[in-house]
1. Among the numbered conditions (1) open to solvent by 60 Å² or more (accessible area, probe 1.4 Å); (2) closer than 26 Å to Ala111 by Cβ; (3) assigned to a helix (DSSP H, G or I), tell me where Val194 comes up short.
2. Do any residues in the range 322-337 that are closer than 14 Å to Val306 by Cβ have Cβ atoms under 8 Å from those of residues that are open to solvent by 50 Å² or more (accessible area, probe 1.4 Å), where the two are at least six apart or on different chains, and which pairs are they?
3. Tell me which residues, restricted to the range 197-217, are in a helix (DSSP H, G or I), free of Cβ contacts under 8 Å to residues at least 60 places away in the same chain and open to solvent by less than 70 Å² (accessible area, probe 1.4 Å).
4. Here are some conditions: (1) of a type in the set (Val, Ile, Thr); (2) over 17 Å from Trp56 (Cβ atoms); (3) modelled with pLDDT of 90 or more. Ile167 meets all but one. Which one does it not meet?
5. Given (1) of a type outside the set (Lys, Arg); (2) modelled with pLDDT under 90; (3) open to solvent by less than 60 Å² (accessible area, probe 1.4 Å); (4) under 24 Å from Leu71 (Cβ atoms), identify the lone condition not met by Ser146.
6. Of the numbered conditions (1) modelled with pLDDT of 80 or more; (2) open to solvent by 80 Å² or more (accessible area, probe 1.4 Å); (3) polar (S, T, N, Q), Ser33 satisfies every one except a single condition; which is it?
7. Filter the range 218-260 for residues that are polar (S, T, N, Q) and either open to solvent by less than 50 Å² (accessible area, probe 1.4 Å) or within 42 Å of the chain's Cα centre (by Cα) (or both) and give the result.
8. Would you mention how many residues in the range 73-88 are out of contact with any Asp or Glu (no Cβ under 8 Å at 6 or more places or on another chain), open to solvent by 10 Å² or more (accessible area, probe 1.4 Å) and modelled with pLDDT of 90 or more?
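The values are calculated or read from the model by the stated rules, or taken from the named source; none is laboratory data. Everything numeric in this text was worked out from a predicted model, so none of it was measured. Positions of Cβ are backbone-derived with ideal geometry, glycine not excepted, and every protein chain shown enters the neighbour counts. These accessible areas exclude ligands, DNA and RNA; they are computed on the full protein's heavy atoms, side chains included. Shrake-Rupley method; radii C 1.70, N 1.55, O 1.52, S 1.80 Å.
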Amino acid sequence: MAHRLLRRDGQPVNHKRIRRLWREEGLRRPVTSRKRRRVRPDIAERLHAEHPNHVWALDFQFDETADGRRLKLLNIVDEHTRQALAMHVGRRVDADTVVAVLDRLAGQRGAPAHLRMDNGPELIAWALRDWCRLGGTGTVYIEPGSPWENPYVESFNGRVRDELLNIEEFGSLTEAQVLVEAWRTEYNQQFGAVNQLLGLIGIAPIPWLSDSFWNFVAMILANIWLGVPFMMVIILGGLQSISAEYYEAAAMDGASSWQAFRSITLPLLRPVLTPAIILGTVWTFNNINVSFFINQNELETSDILVTGLFRAAFQYSRYGFAAAFAFVIFAMLLVFTVFYIRRTRALRGAYE
């Protein structure tokens with residue numbers, strides 16, 4: 001709403017910047033909610049989750065793709081840890097699909113002690129009841145028309161609606177599945193592999209997405225991880241091109257392994273590594289996709305040169321500055337390439 005009002009006033013402001021400022025100021029859209037109902041004295045106390053896998057809450061949400069076709073989401077939340085265990089997206093989700101998702105989760109985490117859900121036809125079907133009976137899982141059905149009796153998954157659904165479904169327009173089912181799973185991973189950032197290992201030794205989880213320092217570290221690690229396969233292929237190809245006769249001659253002369261590596265392997269690898277290093281450097285300067293997906297909170301302190309250029313052009317509308325900035329980046333890369341080739345004389349062997 002705020003973005004539409006600003007655009008209506010003629011101010012070209014990016015909608016993501018508006019969302020970031022909105023979050024930083026702690027603003028929230030007014031929501032209408034029903035009054036909370038207490039449990040009557042004649043009704044037993046509601047079941048409360050006491051440990052992980054004690055109670056899983058299930059519920060459905062609906063959306064649509066750009067062509068107007070319906071999307072159905074099955075959301076499953078662990079009430080104790082508040083972790084989003086699954087967000088299954090499909091055109092239709094029947095009882096067999098619910099059982100398949102639960103069966104996959106049970107294989108990964110173990111079956112829950114109880115399932116809390118409403119009285120929808122998919123959730124009272126015999127397929128789900130048989131799965132619960134065979135797995136020793138109890139069922140806790142809420143009263144019809146009483147969503148407040150399933151509060152954790154309802155609260156989760158509200159975040160999904162506000163932060164994902166009301167923002168993203170899905171072009172296809174596949175795109176919706178990818179974006180929903182990416183959002184679930186971001187939501188569960190404290191349950192990532194690294195943070196889970198840190199939790200085992202009593203260290204607080206790392207805020208990879210909200211802290212500027214760790215956000216920048218995450219981008220560096222992701223960029224290295226993406227570049228390793230390419231560099232390994234180049235290095236292995238270069239090593240296979242080195243004749244074993246050089247190492248045999250070095251061994252006969254009494255050279256150590258370090259001397260053979262320094263005098264044979266490195267000089268012969270330089271002509272192969274030079275294009276790879278230059279390309280890797282150029283790709284790093286132009287690698288906007290890693291920053292875009294990791295820096296979802298748009299922390300300007302985590303910007304690299306190319307994301308700073310993008311922000312200047314498309315958020316602050318400083319097109320002249322962005323164009324000059326792009327030329328400076330090109331000049332930096334050109335100077336680096338010429339200096340690296342001349343300093344290392346890496347291509348000398350290619351011409352001799």
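1. (2)
2. Ala322/Phe310; Phe325/Leu305; Ile329/Phe285; Ile329/Leu305; Met332/Phe285; Leu333/Phe285
3. Residues satisfying the conditions are Leu198, Gly199, Val217.
4. Ile167 satisfies all of (1) of a type in the set (Val, Ile, Thr); (2) over 17 Å from Trp56 (Cβ atoms); (3) modelled with pLDDT of 90 or more except (3).
5. (4)
6. Here Ser33 meets the rest and fails (1).
7. If the condition is that a residue be polar (S, T, N, Q) and either open to solvent by less than 50 Å² (accessible area, probe 1.4 Å) or within 42 Å of the chain's Cα centre (by Cα) (or both), then Asn223, Gln240, Ser241, Ser243 are the ones that fit.
8. Here the count works out to 1.
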